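*Asks:* The structure that follows is given in the form of structure tokens.
All of the numbers you see were taken from the coordinates with simple rules; none came from a lab. No experiment lies behind these values; they were computed from the predicted model shown. Note that each Cβ is placed from the backbone with ideal geometry, even for glycine, and that neighbours are counted across all protein chains shown.
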Amino acid sequence: MNCQVLILAVNYNSDATAIGWLTGLERLIRPLGSRISVVVVDNTSRADSTEFFAGMQAIYKDVRCIKSPENLGYFGGAHLGWEQCLASGGELPEWDHGD
């Protein structure tokens, strides 16, 4: 089942802020369960995001973490996250087109 809401965030050299953001968000989305999907794109220039992603998944196990190959800028990072969601097909919102 697809989600009803997709939250796509981009992190650039602000791990502590991203962890704090996800901590607050997790408290809000916990009661809603699988209706919300969270994707975080790490847009930093570090070679390995494993530790950052482990910290994110310790807070919210269902967060999808994507490592950008380079700093793509905010919208470039968001686009990478969106494209990965499209490719997987599993996290896309079910939009009601009013038909």
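*Asks:* Just wondering, is there one or more residues in the stretch 48-69 that are closer than 20 Å to Ala87 by Cβ and touching a Ser or Thr at 6+ places or on another chain (Cβ under 6 Å)?
*Replies:* yes
*Asks:* Listed residues Ser49, Ser68; which is touching a Lys or Arg at 6+ places or on another chain (Cβ under 6 Å) and free of Cβ contacts under 8 Å to residues at least 40 places away in the same chain?
*Replies:* Answer to the selection: Ser49.
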